[in-house]
Structure formats: C-alpha cells, structure tokens
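Written out below as structure tokens is the structure these notes cover.
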Amino acid sequence: MELALITGAASGIGRETALQMARSGYQAIAVDVNVDGGQKLAEEARQADLSLTFISADVSDDQETDHLFSYVRTLGAPLTALVNAAGIVVFDNPENISLADFDRIIRVNLRSVWLMCNKARPLMFEAGGGAMVNISSVHAWATDNLVSPYTASKGGISALTRSLAIAWGRQGIRVNAVLPGPIDTPLMRANLRAVGDEEEEYAKTGAALALGRVGQPIEIAHVVEFLCSAKASFMTGAEILVDGGMLAHA
Ligand code: NAP
C-alpha cells in the first residue's frame with residue numbers, strides 16, 4: 001500500500017483529506033499536535049475499516065519531524081503523497097499583532113511546509129516519484145487588513161511551491177498548492193467569532209460567494225486527491241483556487 005502523509009489531520013480540511021486519501025486506497029499517516037482530535041480520527045477510520053494511523057507531532061519542529069520521518073521509514077512502504085494542511089491564524093490589525101504571534105504563524109504555516117517537503121523528498125524519490133500538495137489560501141492572492149502574517153505565510157507557501165516544483169520535477173515529484181476560500185472548519189468558525197456573531201457571519205460569508213454557500217472540507221479533499229493522482233500527471237507548480245467563486249468577484 002502506498003503511504004500518504006497528511007498534516008493538520010486532526011481537524012477540518014486535513015482531517016477530511018486524511019479520510020479521503022485512505023478511502024482512495026492509501027495508507028494514511030495523519031499528523032497533528034491535537035492528540036484528542038487525532039485519536040478520534042483514528043477511531044473513526046478504524047470503524048470504517050480504513051487504513052489510517054495517527055501520529056502526534058509539531059510539524060514546525062525540526063526534531064519532531066525527524067522522528068516522524070524515521071517512523072515513516074520503518075513502515076517500509078512507498079511514500080507517494082504529502083499533504084501539508086496544518087495551519088493557524090490570528091485575526092487582528094497588523095499594528096495589534098505581536099512579534100511572537102507573527103513568528104508563530106510563519107513557523108507553523110510556512111516553516112512546516114519547508115521541513116515536511118524537504119524531509120519527504122528523499123522518500124518520494126526512492127518510491128519512484130510522488131505528489132506534494134500544500135494548502136495555501138485565497139489570501140495568497142487577495143486579502144484584507146485582519147490577517148497580514150497569515151497572508152504573508154500563504155503567499156510564501158505559493159511561492160515556495162513553485163520553486164520546489166522546478167527543483168524536483170525531474171525527480172518525479174510534483175508540487176502543487178490548493179487555495180481554498182471559506183471552508184466550514186473549526187478554524188473558519190473561530191475566525192467568524194472574531195469578527196461578529198458566528199451564524200450571521202457564516203450566512204454573510206456564504207452569500208458573498210458566486211455559489212452562494214460556504215464550502216465543505218470534502219470539497220478540498222477531492223481536489224487534493226485528484227492532484228495526488230495520475231490524472232494530474234502533467235500538473236506541477238500550479239495554484240488551484242477552490243473558493244466557490246470568491247475571487248471571481250471584482
Ligand atoms: P483547523 O480545522 O484548525 O485544522 C488545522 C489543524 O492543524 C488543527 O488540528 C491544528 O491543531 C493543527 N495544527 C496547528 N499547528 C500545528 C503544528 N504545529 N503541527 C501539527 N498540526 C498543527 O483548520 P482548517 O480550516 O482545516 O485549515 C487547514 C488548512 O487550510 C490551513 O493551512 C488553513 O490555513 C487552510 N485554509 C483554511 C480555510 C478555511 O476557510 N477553513 C481557507 C483557506 C485556507 P490545533 O487545533 O491544536 O491548533
């Protein structure tokens with residue numbers, strides 16, 4: 001069985017992606033700092049007879065990711081997919097955001113992608129090739145005043161994705177980014193509560209999109225699954241907008 005490693009897998013987009021990759025035939029290695037959420041995911045997968053293992057690790061930490069990849073090596077199966085979905089956000093105007101929060105956001109959102117992609121590369125190369133998918137955001141392209149460090153991290157992920165795609169294309173490794181719009185996850189719900197009444201803001205957010213509704217995590221997971229599959233064999237260095245038409249608006 002081929003291995004798919006998914007970060008941020010205890011919640012939201014990463015969680016649904018880990019389940020979807022397992023449904024599509026991979027052995028999913030689900031990684032997160034949220035141990036409770038990860039254990040619940042593993043139990044749900046077990047009940048559905050899916051091959052999924054939860055590993056607790058901080059994907060922004062050099063040592064912890066070393067241990068993670070040492071473990072992956074012991075599995076002796078080819079690593080052919082990596083999905084970087086771990087992410088955090090702090091909602092405030094730039095002048096109110098501390099340097100500590102800026103550093104934390106860049107570390108979790110961007111440094112983690114650097115570490116994970118670099119450490120996955122030799123295993124994928126040995127496997128004869130594979131696909132990496134980095135979860136960026138619409139904020140990499142069009143943003144607002146309240147998420148500047150997050151925007152910087154997502155712009156960084158998009159640019160890094162292009163550079164890694166050029167570096168590793170001839171090694172059989174494709175690297176793409178997915179840019180979700182508003183997707184109903186705990187992270188999005190927390191953002192809504194930061195700006196107003198959660199349900200009101202949820203309705204407003206959906207109504208502002210061309211499709212008239214907020215997206216679901218599975219709608220990102222399906223695109224990730226496609227990008228990891230042979231059907232996307234000529235795609236690398238791409239940024240795929242999955243935003244319900246959000247950025248189609250003037
Ligand atoms: P989520 O529900 O909060 O899930 C993110 C998961 O990542 C959480 O379980 C979180 O654990 C975990 N995590 C945080 N720091 C980590 C670390 N250092 N190492 C390992 N795991 C870590 O968020 P989501 O909405 O699914 O977001 C997934 C990705 O999609 C993020 O990169 C986000 O920026 C991106 N995205 C989301 C949306 C959206 O509308 N939802 C839109 C565009 C892009 P804790 O809960 O313990 O922090």
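What follows draws every value from the coordinates through simple rules; no lab data is involved. None of the values given here were measured: they were computed from a predicted structure. Counting neighbours? That spans all protein chains shown, and the Cβs are built from the backbone with ideal geometry, glycine included.
Worth a mention:
- Full extension of the chain segment joining VAL35 with ILE166 gains 43.6 nm, where the gain is 0.36 nm per residue of separation less the Cα-Cα distance.
- Note, ³J(HN,Hα) from phi for region 33-38, Karplus 6.51, -1.76, 1.60, rounded to Hz, x at Gly and Pro: 7, 7, 5, 4, x, x
- Region 96-121 and region 144-169 have Cα centres lying 11 Å from one another.
- Rounded to the nearest 500, the helix-only mean residue ellipticity at 222 nm of the chain stands at -14500 deg cm²/dmol, with each DSSP H run of n ≥ 4 adding -39,500 (n - 2.57).
- Calculated on the alpha-carbon coordinates, the convex hull of region 181-236 measures out at 99 cubic angstrom per residue.
- One way to sum up the overall shape of the chain is the equivalent ellipsoid from its Cα gyration tensor, whose semi-axes run 28, 19, 19 Å, largest first.
- Cut-off under 5 Å, modelled amide H: who pairs with ALA57 long-range: ASP32, VAL33
- 11 Å beta-carbon shell around ARG111, net charge (K/R +1, D/E -1): -2
- Principal-axis tilt of helix 198-207 within the chain, Cα atoms, nearest 10 degrees: 80
- Scanning residues 5 or more positions from ALA4 or on other chains, those with amide H under 5 Å from its amide H are GLN27, ALA28, ILE29, with H placed 1.01 Å from N in the peptide plane.
- Eligible aspartates and glutamates near LYS154 by straight Cα distance, threshold 16 Å, same-chain separation 8 or greater: ASP101, ASP103, ASP144, GLU239, ASP243
- Sequentially through region 128-143, phi angles give Karplus couplings (6.51, -1.76, 1.60; θ = phi - 60°) of x, x, x, 10, 10, 10, 9, 7, 8, 6, 3, 5, 5, 10, 9, 9 Hz, Gly and Pro residues having no value and appearing as x.
- Binning the C-alpha pair distances of region 86-157 at 10 Å intervals from 0 yields a P(r) profile of 20, 44, 23, 11, 2 %, listed from the shortest bin outward.
- The chain: angle of helix 112-126 to the longest principal axis, Cα-based, in degrees nearest 10: 30
- Here's how it looks for GLY130: its modeled amide H is under 5 Å from those of ILE173, ARG174, which are all 5 or more places away or on a different chain.
- Cα-based helix-to-principal-axis angle, 217-228 vs the chain, degrees rounded to 10: 40
- Straightening the chain between GLU200 and GLU126 buys 21.6 nm, computed as 0.36 nm per residue apart minus the Cα-Cα spacing.
- Backbone geometry of region 166-176 corresponds, through the Karplus equation with coefficients 6.51, -1.76 and 1.60 at θ = phi - 60°, to 3J(HN,Hα) couplings of 5, 5, 10, x, 6, 8, x, 10, 9, 10, 10 Hz, x marking Gly and Pro.
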